[in-house]
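Reviewing the structure listed below.
The values are calculated or read from the model by the stated rules, or taken from the named source; none is laboratory data. Bear in mind the structure is a predicted one, so any value in this text is a computation, not a measurement. Heads up, the Cβs are rebuilt from the backbone with ideal geometry, glycines too, and the neighbour counts pull from every protein chain shown. Quick note on the areas: whole protein, heavy atoms, side chains included, nothing else; ligands and nucleic acids left out. Shrake-Rupley method; radii C 1.70, N 1.55, O 1.52, S 1.80 Å.
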Amino acid sequence: QVQLVESGGGLVQPGGSLRLSCAASRSIFSIYTMGWYRQTPGKQRELVAHISRGGSTYYADSVKGRFTISRDNAKNTLYLQMNSLKPDDTAVYYCNKVAASISPGLWGQGTQVTVSS
């Protein structure tokens, strides 16, 4: 059974930092490139960063230079360090494998990040 539990979100002022964590089931963490996605109301979920098992990373232009993705393969845990946060970063953040299509039932609850003064 796939489990994804995101944590670490909250309310932060512009320019602040947060560190998100995602505890994932070994069944996907041990196989897939893992990513952080975010979604705001009325918009499609977007992939903001991903990391392969070997540590190769990708970042969307909107977060490049501010966010850092990492993974602990021994703990099946994914992280996202977010610095210099902007109001546009406000969203619900989810972790999951990187795939062309993911069933709606295979997402966790996400963690809310709100950047506001």
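Assess whether VAL5 counts as being surrounded by 16 or more Cβ atoms within 10 Å (Cβ to Cβ) and in contact (Cβ under 8 Å) with a residue 24 or more places away in the chain. Judged against the criteria, VAL5 is not a match. If I go through segment 60-112 residue by residue, how many of them are in a strand (DSSP E or B), within 17 Å of THR40 (Cβ to Cβ) and open to solvent by 40 Å² or more (accessible area, probe 1.4 Å)? Count: 1.
Hey, can you tell me all the residues within segment 36-56 that are under 21 Å from VAL115 (Cα atoms) and within 14 Å of the chain's Cα centre (by Cα)? Write out each step before concluding.
Start the filter on segment 36-56 by keeping residues that are under 21 Å from VAL115 (Cα atoms), which leaves 36-49.
If the condition is that a residue be under 21 Å from VAL115 (Cα atoms) and within 14 Å of the chain's Cα centre (by Cα), then TRP36, TYR37, ARG38, GLN39, THR40, ARG45, GLU46, LEU47, VAL48, ALA49 are the ones that fit.
Tell me which residues, restricted to segment 59-93, are of a type in the set (A, V, I, L, M) and without any contact (Cβ under 8 Å) to a residue 12 or more places away in the chain.
Residues of segment 59-93 of a type in the set (A, V, I, L, M): 60, 63, 69, 74, 78, 80, 82, 85, 91-92.
The answer is ALA74, and nothing else.
Here is the figure for segment 48-63: residues that are out of contact with any helix residue (DSSP H, G or I) (no Cβ under 9 Å at 6 or more places or on another chain) and either on the phi > 0 side of the Ramachandran plot or not hydrophobic (A, V, I, L, M, F, W, C) (or both) total 9. Search segment 8-22 for residues being open to solvent by 20 Å² or more (accessible area, probe 1.4 Å) and under 11 Å from the mean Cα position of the chain (by Cα), and hand back the single one that is farthest from SER117 (Cα to Cα). Here the answer is SER21. Which residue is farthest from LEU80 (Cα to Cα), if the candidates are limited to segment 26-58 and must be open to solvent by less than 30 Å² (accessible area, probe 1.4 Å) and at pLDDT below 95? Looking at residues that are open to solvent by less than 30 Å² (accessible area, probe 1.4 Å) and at pLDDT below 95, I get ILE28.
Restricting segment 24-47 to residues that are touching a helix residue (DSSP H, G or I) at 6+ places or on another chain (Cβ under 9 Å) and assigned to a strand (DSSP E or B) leaves a set whose member that is nearest to PHE67 (Cα to Cα) is ARG38.
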